[in-house]
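The values are calculated or read from the model by the stated rules, or taken from the named source; none is laboratory data. Just so it is clear, the model here is predicted, and its values are computed rather than measured. When we count neighbours, we look across all protein chains shown, and the Cβ atoms used for this are built from the backbone with ideal geometry, even at glycine.
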Amino acid sequence: EEVLDPGATAVAHPNIALIKYWGKRDERLMIPYVDSLSMTLDVFPTTTTVRLRSTARADSVTLDGSPARGEARHRVVAFLDLVRQIAGRTEPAVVDTRNRVPTGAGLASSASGFAALALAGAAAYGLDLDPTALSRLARRGSVSAARSVFGGFAICHAGPGTGVAADLGSYAEPVPVADFDPALVIALVDAGPKAVSSRAAMRRTVETSPLYRSWATSSMADLSGMRAALRRGDLDAVGEIAERNALGMHATMLAARPAVRYLSPATVAVLDSVLRLRADGVPAYATMDAGPNVKVLCHRADAARVAGTVRDAAPGCAVVTARRGPGALLRTGAE
Ligand code: PMV
């Protein structure tokens with residue numbers, strides 16, 4: 001009987017972008033058009049184990065206990081091919097991934113997933129990567145995964161140029177923010193898989209939306225405003241900029257041909273409740289990714305009230321309150 005090598009296990013958390021990434025200028029190398037800035041969360045971790053099995057004919061990929069199929073399997077195998085190419089190795093791998101986040105629902109499971117896979121895969125194939133190189137590698141799986149390598153707040157640079165130069169210049173790094181530890185109330189209005197993948201949606205947006213370029217330009221100004229607001233620990237400024245940046249991103253999609261609309265009636269109901277909270281003097285600001293779920297940024301002291309208001313606005317939806325969380329970590333054998 002063959003004994004599997006112990007392999008490597010990594011844990012990573014999703015992140016929510018306060019300044020969004022939307023649109024790739026190189027789809028093969030996964031180079032974004034715009035810089036983005038996010039907060040890594042302390043909820044919904046992904047745990048991934050990669051073991052090498054030299055006697056296998058192909059990679060085996062399991063997602064939450066079931067064999068991965070189609071596009072999900074293809075993306076993991078393509079990523080392993082890249083890790084093997086960098087490491088100069090050829091052994092197939094056995095990959096086991098467990099998500100505590102609904103896959104494909106705009107909750108950045110690809111971010112935690114590829115950050116964990118990059119770390120576990122690099123370790124299993126004997127690659128010794130510094131955090132920048134690890135972030136670059138994770139980016140090849142999913143651009144937002146480059147940010148989940150780091151805890152707290154992280155900026156992902158679009159970087160200059162094309163080809164190898166672009167690959168080298170596009171990675172995330174931490175944004176040290178000492179005294180800013182807000183709550184993020186997540187309203188899971190619909191945990192099902194999305195109708196249009198973010199990859200297809202952003203391609204269509206870049207190719208057909210007349211609003212894309214102006215959003216990308218305004219996003220650069222949003223980014224410098226966001227960095228200053230984070231340095232001041234100014235929740236109102238952080239929230240205002242994050243909310244307009246996200247609504248602007250969705251506007252680019254609504255103007256694509258045909259339109260991509262991720263926002264559902266329940267999304268809009270939650271957005272209305274956020275406006276009511278602000279009218280009542282509670283600082284609360286919304287952001288949405290490639291799905292109908294709403295994430296509401298607020299002070300930790302207001303989180304329970306915000307969660308209650310949001311729950312009333314979208315009856316039946318699950319509400320989870322998150323905070324800033326840790327970067328991707330290898331699990332040692334003793335744990
Ligand atoms: O991580 P991807 O490649 O599926 O892109 C998702 C991008 C957004 O979540 C919509 C925004 C972001 O910056 O995370």
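Here is a check on your reading of the model: is residue 159 under 17 Å from the mean Cα position of the chain (by Cα) and on the phi > 0 side of the Ramachandran plot?
no
Could you figure out which of (1) touching a residue at least 12 places away in the same chain (Cβ under 8 Å); (2) within 16 Å of the ligand (Cβ to nearest atom); (3) among the aliphatic types (A, V, I, L, M) isn't true of residue 78?
So residue 78 meets the others, but not (1).
Out of 148, 112, 135, 144, report the one residue that is hydroxyl-bearing (Ser, Thr, Tyr), within 16 Å of the ligand (Cβ to nearest atom), free of Cβ contacts under 8 Å to residues at least 40 places away in the same chain and buried (at least 23 other Cβ atoms within 10 Å of the Cβ).
135
Name every residue in the stretch 162-173 that is away from the ligand (no atom under 15 Å from the Cβ) and either small (Gly, Ala, Ser) or over 15 Å from the mean Cα position of the chain (by Cα) (or both), in order of residue number.
Scanning the stretch 162-173 gives 162, 163, 164, 165, 166, 167, 168, 169.
Condition check ((1) touching a Pro at 6+ places or on another chain (Cβ under 7 Å); (2) of a type in the set (A, V, I, L, M, F, W, C); (3) not in a helix (DSSP H, G or I)) across all residues:
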{"position": "267", "(1), (2), (3)": "yes, no, no"}
{"position": "277", "(1), (2), (3)": "no, yes, no"}
{"position": "290", "(1), (2), (3)": "no, yes, yes"}
{"position": "308", "(1), (2), (3)": "no, no, no"}
{"position": "315", "(1), (2), (3)": "no, no, yes"}
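Only residues that are of a type in the set (A, V, I, L, M, F, W, C) and either surrounded by fewer than 21 Cβ atoms within 10 Å (Cβ to Cβ) or assigned by TED's automatic domain parsing to the domain that holds residue 22 (or both): list them for the stretch 278-302, please.
279, 282, 301
From the list 42, 35, exactly one residue is closer than 27 Å to residue 248 by Cβ, modelled with pLDDT of 95 or more, assigned by TED's automatic domain parsing to the domain that holds residue 114 and within 21 Å of the chain's Cα centre (by Cα). Which is it?
Answer to the check: 35.
Give the residues of the stretch 232-265 that are part of a loop (DSSP other than H, G, I, E, B), within 13 Å of the ligand (Cβ to nearest atom), surrounded by fewer than 23 Cβ atoms within 10 Å (Cβ to Cβ) and hydrophobic (A, V, I, L, M, F, W, C), sorted by residue number.
Result: 263, single match.
Quick one: would you say residue 330 is outside the structural domain of residue 216 (by TED's automatic domain parsing) and either part of a strand (DSSP E or B) or within 16 Å of the ligand (Cβ to nearest atom) (or both)?
The answer is yes for residue 330.
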